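The block underneath contains the structure these notes are about, expressed in structure tokens.
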Amino acid sequence: MDLAPEPETAELALRTAAFVREVVVPEEERYGGVAAAGGDALRQRLQAAAKDAGVFAPHVSREYGGRGLDMRSRASVFEEAGWSLFGPLALNIAAPDEGNMHMLEAIAAEAQKERYLRPLATGAVRSCFAMTEPAPGAGSDPSALITRAEKVPGGWRIDGRKWFITGADGAAYTICMARTSGRPGDRGGASMFFVDADNAGMKVVRHIETLDESLYGGHCEVLFDNCVVPDEAVLGEIDEGFRHAQVRLGPARMTHCMRWLGIARRSQHIAVGRAADRRLFGSRLGDLGMVQGMIADSEIDIAAARGLITQACWELDQGRSGAQSTAIAKAFTAEAVWRVVDRSLQICGSLGVSGDLLLGRFLREVRPFRVYDGPTETHRWAIARRVVSRHVRSTEESA
């Protein structure tokens, strides 16, 4: 099995790596990895530079200015972009916009693509995806969805409260998941709606303080109160929102993994450099067995994560659901990335916990990934459930 990327993809990955190291990393260091500190001017400056370098929005189709990379091809490019916390923002492949672009290309009507996808793909606007709710609403279990959309003359009225909505502050529009039939706990009955930022019925209530600060637009609480949208604001079919969202969720888990793998590699690079240069107890730090063990374990984690991501992306490119492979890759990568960054900080000692290196910022950024896109425990539960169900079916069929 040849896992090497196509020559065109390999060349793009190399150019992305050079762009991120030469252009993006200095901006990241200038703002300490906090995107909001640079304001929208930072986003516009980085994205203009990415366009000039020919590395902008490689995931969208050529019709919308991209390269139409499949999932396997995205892996190597997104990993290089993820070398910096600001790399995905610069390439316009950061969450939640990247996942929204993927979904809109797949299920939006042509008029919706022109109105919502095209400006998003060019970087003219940002977006957000509003599904998560305060307890007892939708979270790890989307079927707990409480926010409702009721049919009114000419459109729909949405009422509910969302939170941890990434990028909501400053987004030109929200894709809101609301229940259009059934009750909380039902596996169906959800629909998605476009809500423009100037809709008087939608309000960003607050920024929720979180460990991570690199995702642009924050994690916000958003209120929908008598929020009326027209019929043409429906994305996909009524009551099919959960099914349509799967188009977004599986690939988005993998692109998160790709990006964070880049930060793991960056952290390992910093730690290895420190281990090679620092001398104590009469030898280099990197000659000590315990440090060598940490470096080796991080290399193993990085290689294993990349392999699982590649497998899951291959399945997605084949048109399979990839439910099991994406869950395995996400659960492993989220924890592996944390381990790599944590070991790297430990190897660097007091320098690692200082503000002189960004490892402390990286550690805060990667920790929430074990919760975002489904907590590791939820994925483990789903993985085990599928394995047991498969065994039961196999036993019954052979009986």
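Among the residues of segment 176-201 satisfying the criterion of being open to solvent by 30 Å² or more (accessible area, probe 1.4 Å) and of a type in the set (A, V, I, L, M), which is nearest to Gly87 (Cα to Cα)? It comes out as Ala197. Entry remark, segment 106-115: residues being open to solvent by 40 Å² or more (accessible area, probe 1.4 Å) and not aliphatic (A, V, I, L, M) number 3 in total. Among the residues of segment 363-399 satisfying the criterion of being closer than 27 Å to Arg266 by Cα and among the aromatic types (Phe, Trp, Tyr), which is modelled with the lowest pLDDT? Out of the qualifying residues, it is Tyr372.
Take the residues in segment 143-161 that are in contact with a Pro (Cβ under 9 Å, 6 or more places away or on another chain) and among the aliphatic types (A, V, I, L, M); name whichever of them is least open to solvent (accessible area, probe 1.4 Å). That would be Leu145.
Summed over segment 1-13, residues that are assigned to a helix (DSSP H, G or I) and not acidic (Asp, Glu) total 5.
Scanning segment 358-376 for residues that are hydrophobic (A, V, I, L, M, F, W, C), in a loop (DSSP other than H, G, I, E, B) and in contact with a helix residue (DSSP H, G or I) (Cβ under 8 Å, 6 or more places away or on another chain) turns up at least one hit. For segment 33-64, the set of residues classified as touching an Asp or Glu at 6+ places or on another chain (Cβ under 9 Å), over 30 Å from Glu110 (Cα atoms) and open to solvent by less than 60 Å² (accessible area, probe 1.4 Å) consists of Gly33, Val34, Ala35, Gly38, Leu42, listed by residue number. Which one is most open to solvent (accessible area, probe 1.4 Å), of the residues in segment 1-20 that are farther than 27 Å from Leu363 by Cβ and of a type in the set (Gly, Ala, Ser)? Taking the candidates together, the pick is Ala4. Gln292 satisfies every condition listed in (1) open to solvent by 10 Å² or more (accessible area, probe 1.4 Å); (2) in contact with a Gly (Cβ under 8 Å, 6 or more places away or on another chain); (3) part of a helix (DSSP H, G or I); (4) touching a residue at least 40 places away in the same chain (Cβ under 8 Å) except (4).
Of the helices (runs of 4 or more DSSP H) lying entirely inside segment 14-124, those carrying at least 1 residues that are at positive phi are 39-53. Any chance segment 321-330 includes a residue that's surrounded by 14 or more Cβ atoms within 10 Å (Cβ to Cβ), among the aliphatic types (A, V, I, L, M), more than 26 Å from Ser73 (Cα to Cα) and touching a residue at least 12 places away in the same chain (Cβ under 8 Å)? Scanning segment 321-330, I find no residue that is surrounded by 14 or more Cβ atoms within 10 Å (Cβ to Cβ), among the aliphatic types (A, V, I, L, M), more than 26 Å from Ser73 (Cα to Cα) and touching a residue at least 12 places away in the same chain (Cβ under 8 Å), so the answer is no.
Between Asp287, Asp239, the distinction of being more than 20 Å from Tyr116 (Cα to Cα), in contact with a Ser or Thr (Cβ under 7 Å, 6 or more places away or on another chain) and open to solvent by 20 Å² or more (accessible area, probe 1.4 Å) belongs to Asp239 only. Restricting segment 222-272 to residues that are among the β-branched types (Val, Ile, Thr) and out of contact with any Gly (no Cβ under 6 Å at 6 or more places or on another chain), the residue that is nearest to Met202 (Cα to Cα) is Val222. The C-beta contact set for segment 372-391 (first residue closer than 17 Å to Val337 by Cβ, second residue assigned to a helix (DSSP H, G or I) and among the β-branched types (Val, Ile, Thr), distance under 8 angstrom, 6+ apart or interchain) comprises His379/Ile328.
Is it the case that Val23 is open to solvent by less than 10 Å² (accessible area, probe 1.4 Å) and in contact with a Leu (Cβ under 8 Å, 6 or more places away or on another chain)? For Val23, the condition - open to solvent by less than 10 Å² (accessible area, probe 1.4 Å) and in contact with a Leu (Cβ under 8 Å, 6 or more places away or on another chain) - is not met. Residues that are crowded, with 16+ Cβ neighbours inside 10 Å, modelled with pLDDT of 95 or more and among the small types (Gly, Ala, Ser) within segment 116-142 comprise Ala121, Gly123, Ser127, Ala130, Gly137, Ala138, listed in sequence order. When segment 343-369 is examined, which residues are found to be surrounded by fewer than 19 Cβ atoms within 10 Å (Cβ to Cβ) and either polar (S, T, N, Q) or over 20 Å from Glu28 (Cα atoms) (or both)? Gln346, Gly349, Ser350, Ser354, listed by residue number. Restricting attention to segment 73-83, does a residue exist that is under 19 Å from Gly319 (Cα atoms) and buried (at least 23 other Cβ atoms within 10 Å of the Cβ)? Yes, there is a match, as at least one residue in segment 73-83 is under 19 Å from Gly319 (Cα atoms) and buried (at least 23 other Cβ atoms within 10 Å of the Cβ).
Number of residues in segment 186-208 that are part of a loop (DSSP other than H, G, I, E, B) and within 18 Å of His244 (Cα to Cα) equals 4.
The values are calculated or read from the model by the stated rules, or taken from the named source; none is laboratory data. As the structure is a computational prediction, the values presented were derived from the model and not from experiment. Cβ atoms come from the backbone with ideal geometry, glycine included; neighbour counts cover every protein chain shown. Note: areas computed on protein heavy atoms with side chains; ligands, DNA, RNA excluded. Shrake-Rupley method; radii C 1.70, N 1.55, O 1.52, S 1.80 Å.
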